[in-house]
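Colleague: Questions regarding the structure given below will be posed in turn.
The values are calculated or read from the model by the stated rules, or taken from the named source; none is laboratory data. None of the values given here were measured: they were computed from a predicted structure. Methodologically, a virtual Cβ is constructed for each residue, glycine included, from the backbone with ideal geometry; neighbour enumeration extends over all protein chains shown. Note: accessible area is taken over every heavy atom of the protein model, side chains too, but ligands, DNA and RNA are not part of it. Shrake-Rupley method; radii C 1.70, N 1.55, O 1.52, S 1.80 Å.
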Amino acid sequence: MNMATKAGVNVNAGTRANATSFQKKSRSKLVSISGTRPSVQNGQLLVSTGVTSLDYVIGGGLAVGTLLLIEEDKYDSYSRMLLKYFLAEGVVCGHSLFIASSRDHPGDILQELPAPLLDEISNSEVEKELANAGDSSTETQDSMKIAWRYQNLPKVQTTLASSSRFGHYYDVSKSMSTDMCEAATCHSFFLPNELPLESAAESSNMNMGYIKLLRSIQGVIHKEGFDGAGPQNKPRSILRIGVHSLGSALWGDDDICCKENPEHAHSLTTFLYSLRALLRTSLSVCMVTVPSHLIQNKAIMGRITKLCDTVVSLESFSGSERETNPLYKDYHGLLHVKQIPHLNSLMCEVPDTKDLAFKLKRKQFTIERLHLPPDLSDTVSRLSKQDLAESAKLLGLGCGTTATGKKHLDF
Amino acid sequence: MLVEIIQGTEGGGLIVIKDSSECDGRSLLKGFIKAALQRNEPVHVVGFEVSENELRTGLDSGAASRLVFHDGYSDPLQWLGQGKLSVQDYSAQNTRNRISQTDDPKLVTLIIDSLSWLLLHTPPTAVCQSLQELSRGGMKVKRVIALLHSDLHEQGVVGSVCHVATAVVTVTPVSGSVSGEAEPNGIVRTLQRRKTGKVSQEEECYSVREDFSVQILRDLGTKKQPAPHRKGETKQEVIIASASLWRGENPLPARRQ
């Protein structure tokens, strides 16, 4: 008990009755925050992106303190959807939100979040089970016969009280209820409000809009205590930062998207570098969407990719000739995983296939392996129907004869 | 889909008409103006490229009183000092002030002719931000329709401007032989982004008549899966005349000599 309080971590030692007097000497490094779980690969604390298939593709989830970059599809429909899933997951898990946008007001984005599908395995059910286990004496006939010694001991709580489930499902056609939205702590940054439109002052390193955004994020992290500065008695939470369409002309960055050889390309890269430094030193996670199809210079995109941790790019079929291709008829677009970080390890978890496609259904955003159908063209040599008929005739003559058609059977 | 956008049933936002030197989009822009005037809406034109007289030709004089022209053409460098609009003065706030000088309670359709002139003189971010500010609505402006000459700018600039737009109408010249009664002006490809995130795209063959009403001659197909051809069917193109929408007008298109 003393070790747990020394570590300053809210471990459920009080609720768990000690079966033995043995205590582990090492401190428990895993902080139990709702909506997180430790990674099985490298021990990092993971949060869900809101889309369970995306969690699987990037290695179990998004590590706390990292930056996820989504390269937008051409008309920004699916990347916006992913951002909404990310924020909705934060609301459901009880995390704090920080929404930054230059185009739509963050309040509008918050109102458009998809409603979560509340499933059967909710917290109330778990409590009912525990209550039933309490009065085991009445159920001696129905319950399994276990050794009488163990029946008197209270049930060990195997699930973490903090997170009953990692990753939820959302119904896109309905929007989240307003009281759920209001219950979440949300900080917003809307560029036209923060920056008067006619200001022309620009610092040498970074665009004014980016500087203001960085200061705003830093202020929130420090004020709410996500960097460990605040008092320890408050239950820990994660700050989810969502930035929409960074690098577009609406953020005041007139170089990256408009020119082929921009002079101030370092504005965005410096911002990402500073943002990642802020994230590493605090309990926060960030999702940024960038309209990479507008960025003319591919070398800059390479630099941006290196500066972020996990990079995923979306390519939607709407408006392109691939929409009518029967190969892709079940899907809405392709998903490319461009980069997965090596966090405290030499290797990273690589998805086993590079051909991933996504589809957005009402209740689920699925990412699946793209299967190529078998090649049934005429060039493939196969037994024609005529040969089969002839070999059938030969078989009819007797058991001894082998059915060799006029052509060689090829396997 | 072009007709719905012209009619304004789809609501606010920013509509960008992209043209090039091969095919002029100004006639389509005047089609938009005419449709807005027919609906009794006040129209404000911020003009830099053509004079007021040239813009008003073809529009009937009764409706022309609702058209307010902010002159940026006759005195671009403001040598005469008569209070004309100059490109340096352009901003969302200034435009709004100019619009609210007329005391019309109705929401205004703002036409910008043209965006290329602005982009050549002011940084593209300022233009995009001002367009976003104006088209967001809430203050006097119902929708913004802007003309953009795509071959005057870099691909990145055109891409950035179209990224801000809710609908992009691209006009291209018609190639090959065309059957039908009216001579088409060109092929228009409309791309519309709805609030729900759905994107729809359509390609149509259009023509603009002398009184600047827009007629769709032929639908060249939406971007959807093509229906399988049945053997007995001959490929006959259907001429769609949107007569019902133009109240009382002659459904047959005028024969161009």
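Colleague: B:Leu131 - would you say it is assigned to a helix (DSSP H, G or I), open to solvent by 20 Å² or more (accessible area, probe 1.4 Å), more than 9 Å from chain A (Cβ to nearest Cβ) and at pLDDT 85 or above?
Modeller: Working: assigned to a helix (DSSP H, G or I): yes; open to solvent by 20 Å² or more (accessible area, probe 1.4 Å): no; more than 9 Å from chain A (Cβ to nearest Cβ): yes; at pLDDT 85 or above: yes.
Answer is no for this residue.
Colleague: May I pose another question? Filter the range B:2-23 for residues that are open to solvent by 20 Å² or more (accessible area, probe 1.4 Å) and touching a strand residue (DSSP E or B) at 6+ places or on another chain (Cβ under 8 Å) and give the result.
Modeller: B:Glu10, B:Gly11, B:Gly12, B:Lys18, B:Ser20, B:Ser21, B:Glu22
Colleague: Return the residues of the range A:309-340 that are open to solvent by 30 Å² or more (accessible area, probe 1.4 Å) and under 16 Å from the mean Cα position of the chain (by Cα); say none if nothing qualifies.
Modeller: A:His336, A:Val337, A:Lys338, A:Gln339
Colleague: Can you tell which of B:Ala182, B:Ala243 is on the phi < 0 side of the Ramachandran plot, buried (at least 19 other Cβ atoms within 10 Å of the Cβ) and at pLDDT below 75?
Modeller: Working: B:Ala243 fails: buried (at least 19 other Cβ atoms within 10 Å of the Cβ).
Within the list B:Ala182, B:Ala243, the selection yields B:Ala182.
Colleague: Which condition does B:Thr109 not pass, out of (1) touching a residue at least 60 places away in the same chain (Cβ under 8 Å); (2) within 26 Å of A:Gly247 (Cα to Cα); (3) among the hydroxyl-bearing types (Ser, Thr, Tyr), if it passes all the others?
Modeller: Only one criterion in (1) touching a residue at least 60 places away in the same chain (Cβ under 8 Å); (2) within 26 Å of A:Gly247 (Cα to Cα); (3) among the hydroxyl-bearing types (Ser, Thr, Tyr) is unmet by B:Thr109, namely (2).
Colleague: Determine which member of the set B:Ser100, B:Ser65 is under 25 Å from B:Gly12 (Cβ atoms), open to solvent by 70 Å² or more (accessible area, probe 1.4 Å) and modelled with pLDDT of 75 or more.
Modeller: The unique qualifying residue is B:Ser65.
Colleague: Ok, one more. For B:Ser116, which of the numbered conditions (1) in contact (Cβ under 8 Å) with a residue 24 or more places away in the chain; (2) in contact with a Gly (Cβ under 9 Å, 6 or more places away or on another chain) fails to hold?
Modeller: It fails just one condition, (2).
Colleague: If you go through the range A:103-116 one residue at a time, do you hit one that is modelled with pLDDT under 60 and either within 14 Å of another protein chain (Cβ to nearest Cβ) or in a loop (DSSP other than H, G, I, E, B) (or both)? Explain how you work it out, then say what you get.
Modeller: To start, the set of residues in the range A:103-116 that are modelled with pLDDT under 60 comprises none.
No, because not a single residue in the range A:103-116 is modelled with pLDDT under 60 and either within 14 Å of another protein chain (Cβ to nearest Cβ) or in a loop (DSSP other than H, G, I, E, B) (or both).
Colleague: Do you know which residues across the range B:103-125 are crowded, with 21+ Cβ neighbours inside 10 Å and of a type in the set (A, V, I, L, M, F, W, C)? Break it down stepwise before answering.
Modeller: So the first thing to find is which residues in the range B:103-125 are crowded, with 21+ Cβ neighbours inside 10 Å, and the list is B:108-119, B:124-125.
Listed by number, the residues that qualify are B:Val108, B:Leu110, B:Ile111, B:Ile112, B:Leu115, B:Trp117, B:Leu118, B:Leu119.
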